[in-house]
1. Counting only helical runs of four or more DSSP H residues, what would the 222 nm mean residue ellipticity of the chain come to if each run contributes -39,500 (n - 2.57) and the total is spread over all its residues?
2. Modelling each spin label as a point 7 Å along the Cα-to-Cβ direction, I'd like the SER28/THR241 distance in nm, to one decimal.
3. With +1 on each Lys and Arg Cβ and -1 on each Asp and Glu Cβ, and nothing else charged, work out how big the dipole of region 49-112 is about its Cα centre, in Debye to the nearest 20.
4. Using DSSP to define loop residues, name the trypsin sites (Lys or Arg not before Pro) in region 8-105 whose beta-carbon has at most 16 other beta-carbon atoms within 10 Å.
5. Need the full-extension length gain, ASN144 to ASN6, defined as separation in residues times 0.36 nm minus the C-alpha distance. One decimal, nm.
6. Where in region 119-156 does the amide nitrogen come within less than 20 Å of the point 7 Å from the Cα of ASP104, taken along Cα to Cβ?
7. Report the antiparallel proportion of the DSSP beta bridges in the chain as a percent, rounded to a multiple of 5.
8. Quick one: order ILE168, ILE85, ILE273, ILE54 by neighbouring beta-carbon count within 10 Å, fewest to most.
Amino acid sequence: MSEIENIHVIWLPGQACTGCTVSLLNASHPNLLDLLTGFIPQAAGVTLDYHATIMLPWGDEALSAVNAAEKGELAPFVLVLEGAIPDESKAKETGGYWCVIGEDEEGNPITFNDRLDRLAKNAAAIVCAGTCASFGGIPSGKPNPTGAKGAMDYLGKDWKSSLGIPIINVPGCPAHGEHMAETLAYAVLAMRGFLPLPALDEHNRPLFLFEHTAHENCPRAGLFADGKNSHEFGEPYCMGTMGCKGPISHCDVPKRGFIEGVGGCPSMGSPCIGCTEPEFPDPPFSPFLSKAPASFFVYEKIRSFGGSADAVWCRIKDALIGRDL
Ligand code: SF4
Ligand code: SF4
């Protein structure tokens with residue numbers, strides 16, 4: 001084993017609904033217990049030092065790990081963010097706060113943003129659990145009254161940890177539990193030198209999870225190719241006509257399933273709503289159940305030409321963003 005024996009995890013909630021935590025608890029291969037009990041020997045020695053929802057300590061005792069990490073007394077630690085990051089200056093205008101985690105010695109609230117600022121200076125890695133932390137997600141949907149944003153927008157796209165690791169985004173609403181468990185295990189193995197850092201796409205999503213679209217992974221893709229479309233819920237055909245955004249959403253859930261290999265939006269008869277993408281929940285992903293323009297499906301044709309197809313599509317998508325469907 002490399003020099004890093006123990007790795008701490010601080011799981012910090014911002015503007016979150018805790019759905020990503022529930023999803024992590026449903027992971028099975030590996031599950032959270034596997035990670036914490038050393039099921040993968042090279043990834044053993046991981047402790048979850050702070051998680052507001054599932055930790056046993058409370059009050060000052062619970063926050064002691066966060067305070068220690070802020071002071072550089074808990075190292076190395078992976079900072080997992082769940083939830084978007086608000087603009088506290090907007091809350092200050094009315095004398096309040098959007099998001100607070102504990103108090104200082106004088107009893108003044110400490111905002112989530114202040115915690116993040118201090119922890120980011122010492123973190124060995126930052127992993128964003130879910131679309132809120134990655135890109136702003138639902139709290140940042142128009143008109144975004146709290147000024148919510150994701151970690152890359154808040155800390156800067158070029159932010160790197162003390163170990164030189166960029167922010168790793170694991171989007172999804174919620175993030176898939178096994179996406180999180182696999183990414184955390186991957187990060188631990190990379191920190192110890194057993195693996196290279198995971199390759200990331202242009203939105204800092206691990207390629208091993210997000211390289212392909214939901215459409216490419218969808219068991220109904222053959223029906224799409226045959227022109228067989230569902231027009232009502234419950235029909236077993238392609239749901240492009242019912243608003244499915246699978247062709248422009250990067251996600252392996254239709255193939256992987258959601259819990260124990262079961263579930264996954266289009267495979268179960270629910271149109272993909274694009275929850276892994278930076279623009280979600282705004283257009284071009286909403287309205288969720290409106291038929292997507294035919295141009296969305298042109299992507300599948302362009303890709304078949306190979307080469308710079310992704311770059312061509314990016315330009316098409318950019319032109320569509322912000323336009324109501
Ligand atoms: S990404 Fe979705 S499930 Fe996760 S905290 Fe945000 S709203 Fe909840
Ligand atoms: S459009 Fe949706 S339902 Fe149809 S094949 Fe693609 S991902 Fe599956």
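Laboratory data are not the source of any read-out in this text; all were calculated from the coordinates shown. The shown structure was predicted, so the numbers you read here are calculated from the model rather than taken from an experiment. Here Cβ is always computed from backbone atoms with ideal geometry, including for glycine, and neighbour counts include all displayed protein chains.
1. Numbers: 13 runs with 101 residues, N = 325.
Computed ellipticity for the chain at 222 nm equals -8000 deg cm²/dmol.
2. The answer from the label model is 3.4 nm.
3. On the way: 3 positive and 13 negative charges, 48 e Å.
Magnitude of the dipole: close to 240 debye.
4. Details: sites: LYS71, LYS90, LYS92; in loops: LYS71.
Sparse-neighbourhood loop trypsin sites (Lys or Arg not before Pro): LYS71.
5. Working: separation 138, 0.36 × 138 = 49.68 nm, distance 3.94 nm.
Extra length available between ASN144 and ASN6 comes to 45.7 nm.
6. Correct set: 119-122.
7. Details: 8 of 28 bridges.
Counting only bridges with both partners in the chain, antiparallel ones make up about 30 percent.
8. On the way: ILE168 25, ILE85 28, ILE273 22, ILE54 13.
With the fewest neighbours first, ILE168, ILE85, ILE273, ILE54 line up as ILE54, ILE273, ILE168, ILE85.
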